[in-house]
Amino acid sequence: MTKKIKYNIIYKKRLPYGGILGGKIMAKNIDEQEFENEVIKQNGVVVVDFWATWCGPCKMIAPIIEELSSEMEEVKFVKVDVDKSPQISNEFKIASIPTLKLFKNGEVVDTIVGFRPKSELEDIIKKHM
């Protein structure tokens, strides 16, 4: 008796940001030491997701950020845990989370506070590309 085994092969495309998830790149978690190199010194659009592990709306928006990170390869997505990086949170006046700060060539160009649907986030990000 012969058994047939089915194999699933995932081809992974390595992009410059984050880790690999199902062949796509996830938003990278960064800390205070990495912030300048990963955000301020970058050319182009960088979306910074300020979040915390205990935040319910942050958990709701997280999969949307990961989807956008996979789909919008020309945009860099990073995440900053406000509890682990209080200096950055204070510097950018993060009072509520989730807060997304959009940077273009190292400068803040937009701020989004609270949960938003994927289509709305995508439209806001594309406006700055």
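Consider the range 69-91. How many of its residues are crowded, with 16+ Cβ neighbours inside 10 Å and either in contact (Cβ under 8 Å) with a residue 40 or more places away in the chain or touching a strand residue (DSSP E or B) at 6+ places or on another chain (Cβ under 6 Å) (or both)? Of the residues in the range 69-91, 13 are crowded, with 16+ Cβ neighbours inside 10 Å and either in contact (Cβ under 8 Å) with a residue 40 or more places away in the chain or touching a strand residue (DSSP E or B) at 6+ places or on another chain (Cβ under 6 Å) (or both). Within the range 10-45, the only residue that satisfies the criterion of being under 15 Å from residue 72 (Cβ atoms), at pLDDT below 50 and touching a Gly at 6+ places or on another chain (Cβ under 7 Å) is 13. For the range 32-54, a residue qualifies if it is over 13 Å from the mean Cα position of the chain (by Cα) and of a type in the set (Asp, Glu), and the qualifying residues are 32, 34, 36.
Hey, any hits in the range 90-100 for a residue that's under 12 Å from the mean Cα position of the chain (by Cα) and not aliphatic (A, V, I, L, M)?
There is at least one residue in the range 90-100 that is under 12 Å from the mean Cα position of the chain (by Cα) and not aliphatic (A, V, I, L, M).
Filtered by the rule that a residue be of a type outside the set (A, V, I, L, M, F, W, C) and without any contact (Cβ under 8 Å) to a residue 40 or more places away in the chain, the range 92-113 gives 93, 96, 107, 110, 111. Candidates are the residues of the range 101-129 that are aliphatic (A, V, I, L, M), within 15 Å of the chain's Cα centre (by Cα) and over 23 Å from residue 31 (Cβ atoms); the one that is surrounded by the fewest Cβ atoms within 10 Å (Cβ to Cβ) is 124.
The values are calculated or read from the model by the stated rules, or taken from the named source; none is laboratory data. In this text, all values refer to a predicted model and were calculated from it rather than measured experimentally. Positions of Cβ are generated from backbone atoms using ideal geometry, with glycine treated the same way; all protein chains shown enter the neighbour counts.
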